[in-house]
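Contents: one structure, followed by commentary.
The values are calculated or read from the model by the stated rules, or taken from the named source; none is laboratory data. Just so you know, these numbers come straight off a predicted model, no measurement behind them. Methodologically, a virtual Cβ is constructed for each residue, glycine included, from the backbone with ideal geometry; neighbour enumeration extends over all protein chains shown.
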Amino acid sequence: MRSANAYDVVVVGARCAGAATAMLLARRGLRVLVVDRGQYGTDTLSTHALMRGGVLQLHRWGVLPAVVARGTPPVRTTTFHYGAEAIEVAIKPGKGIEALYAPRRTVLDAALVDAARAAGAELRYGQTLADLRYDGEGRVVGAVTLDAAGRLHEIAADLVIGADGIGSAVARLVRAEVTHQARHATATVFGYFADIPDTGYHWHYVERASVGRIPTNDGRTCVFVSVPPSRYRTDILKDRTAGFHAVLREVSPALAGQVAGSVTEGGLLAFAGRRSYLRQAHGPGWALVGDAGYFKDPITAHGITDALRDAELLAEAAVRGSAAAFAEYQATRDALSRPLLDVTDAIAAYDWDLEQAKTLHKALNQAMKREVEHILALDADATREAA
Ligand SMILES: Cc1cc2nc3c(=O)[nH]c(=O)nc-3n(C[C@H](O)[C@H](O)[C@H](O)COP(=O)(O)OP(=O)(O)OC[C@H]3O[C@@H](n4cnc5c(N)ncnc54)[C@H](O)[C@@H]3O)c2cc1C
């Protein structure tokens, strides 16, 4: 792919999906511009537990050391609590992965942006995608952005990538079709707490509620509660703090006790829920990556991991540049994603008993293993930094 345009690719969105895709494309020699309406190093509404596939990508790309250097604590065990029963699983070291990590998005997204810049990608913040440009045959040939001063900027490019999240403007402008819509959604409330002992990831389940704890940067632990949307409306919406602590007490009295005396930095944050979906991933002159094209309910904490997986699949397709390559991107994304999405939807239904929850988690684990095997089979040389 190389035309007379100043850029081969414009990526809209500079977080995990967009920055990773831009980094990989720039490493392959493409001229890449990334625009984002936000600012570098800022947070976003998301907890941030990475699964093995996500950490593996950061390791393969050489970005993991920057994340670790920011003091992101290693996670060496995951404990599943089904009522009073606890099942601790050690994170098996291997293939360069010594532990899992849950970097704050201020750390992870910035590390990926730094790597994209180092590879030669250009970043412009404070730029909102306003429109797309098309040629006479309906092919996307560029983007129009709006800056904070109200000025419009035309950017010609061979490919526009929408990495602009759940409310993707690119998906809306190209009318990307929703190819699969899940049935269930969960609501999440979370915050950051000090002085909670770091004993790895913990996921606690009772019928119709779950909570989790995720050790992260600056000695903080991210604690979340998750409930069906109906319960969110009746028990949490009116008084977020009281509702959060009530669910915590119900699901894990021990964690509730630890959290009770700790003040949250930045208050409690809430996500009311959205059903998972897959969208058409590409069309003439455009492609989608990350939540823009594939969103999964947060109950399985896997969106970032999948965004990092798909960044590499899309970068490979864009380098090849053919219609067949983009079709392969979508087919592979969907084949790897559907098992994850379907089991996530079954967990999000909150209609299981604790034995059924265990079975669903085993199915999730199988889907995650397939994803890791797929990543391990990708061409590592195509993603490395230049020597
Ligand atoms: C409550 C909650 C908890 C979660 N917990 C986890 C978890 O523990 N682990 C996990 O792996 N995943 C989790 N996820 C999922 C994860 O947050 C997403 O999968 C991930 O953020 C997707 O990244 P992205 O880069 O595709 O999009 P985003 O992170 O949404 O980034 C999109 C970027 O595009 C920019 N943008 C948007 N529109 C425009 C525009 N018009 N013009 C210019 N820029 C634009 C935005 O400013 C933003 O920077 C959670 C999600 C939620 C909601």
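Some notes on this structure:
- Of all residues assigned to the stretch 362-381, none qualifies as being basic (K, R), assigned to a loop (DSSP other than H, G, I, E, B) and assigned by TED's automatic domain parsing to the domain that holds V160.
Results for (1) over 18 Å from W61 (Cα atoms); (2) in contact with a Leu (Cβ under 9 Å, 6 or more places away or on another chain); (3) in a helix (DSSP H, G or I); (4) aromatic (F, W, Y), shown as yes or no for each residue.
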| position | (1), (2), (3), (4) |
| --- | --- |
| L308 | no, yes, yes, no |
| E312 | no, yes, yes, no |
| A315 | no, yes, yes, no |
| V319 | no, yes, yes, no |
| F326 | yes, yes, yes, yes |
| R333 | yes, yes, yes, no |
| L336 | yes, yes, yes, no |
| L341 | yes, yes, yes, no |
| D345 | yes, no, yes, no |
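- For the stretch 61-82, filtered to residues that are among the hydrophobic types (A, V, I, L, M, F, W, C) and more than 27 Å from S210 (Cα to Cα), the residue that is farthest from the ligand (Cβ to nearest atom) is A69.
- In the stretch 160-173, the residues that are in contact (Cβ under 8 Å) with a residue 60 or more places away in the chain and within 23 Å of L25 (Cα to Cα) form Cβ pairs under 8 Å with partners that are near the ligand (Cβ under 8 Å from one of its atoms) and aromatic (F, W, Y), at six or more places apart or across chains, as follows: I166/F295.
- The residues of the stretch 89-102 that are out of contact with any Cys (no Cβ under 9 Å at 6 or more places or on another chain), in contact (Cβ under 8 Å) with a residue 12 or more places away in the chain and on the phi < 0 side of the Ramachandran plot, listed by number, are V89, A90, I91, I97, E98, A99, L100, Y101.
- Sole residue being in a helix (DSSP H, G or I) and under 18 Å from T186 (Cα atoms), chosen from R249, R231, R213: R231
- Among residues that are within 25 Å of S46 (Cβ to Cβ), in the same structural domain as R309 (by TED's automatic domain parsing), surrounded by fewer than 17 Cβ atoms within 10 Å (Cβ to Cβ) and touching a residue at least 24 places away in the same chain (Cβ under 8 Å), R124 is included.
- Within the stretch 127-180, the set of residues being outside any strand (DSSP E or B), buried (at least 21 other Cβ atoms within 10 Å of the Cβ) and among the β-branched types (V, I, T) comprises V170, V174.
- Any hit, the stretch 90-100, residues being at pLDDT 95 or above and within 15 Å of the ligand (Cβ to nearest atom): yes
- Residues of the stretch 29-60 that are in a loop (DSSP other than H, G, I, E, B), among the charged types (D, E, K, R) and near the ligand (Cβ under 9 Å from one of its atoms): R37 alone.
- A search for C-beta distances below 8 Å between a residue of the stretch 33-50 that is assigned by TED's automatic domain parsing to the domain that holds G167 and acidic (D, E) and any residue that is outside any loop (DSSP other than H, G, I, E, B) and at pLDDT 95 or above, counting only pairs 6+ apart in sequence or on different chains, returns D36/V12; D36/G18; D36/L123; D36/R124; D36/Y125; D36/Q127; D43/R105; D43/T106.
- Among (1) touching a Leu at 6+ places or on another chain (Cβ under 7 Å); (2) crowded, with 19+ Cβ neighbours inside 10 Å; (3) over 20 Å from G290 (Cβ atoms) - the single one F193 does not satisfy: (1)
- Considering the conditions (1) away from the ligand (no atom under 14 Å from the Cβ); (2) within 18 Å of R105 (Cα to Cα), A20 is excluded by exactly one of them, (1).
- Per this entry, A99 is not counted among residues that are out of contact with any Leu (no Cβ under 9 Å at 6 or more places or on another chain), exposed (fewer than 15 other Cβ atoms within 10 Å of the Cβ) and either over 30 Å from N365 (Cα atoms) or aliphatic (A, V, I, L, M) (or both).
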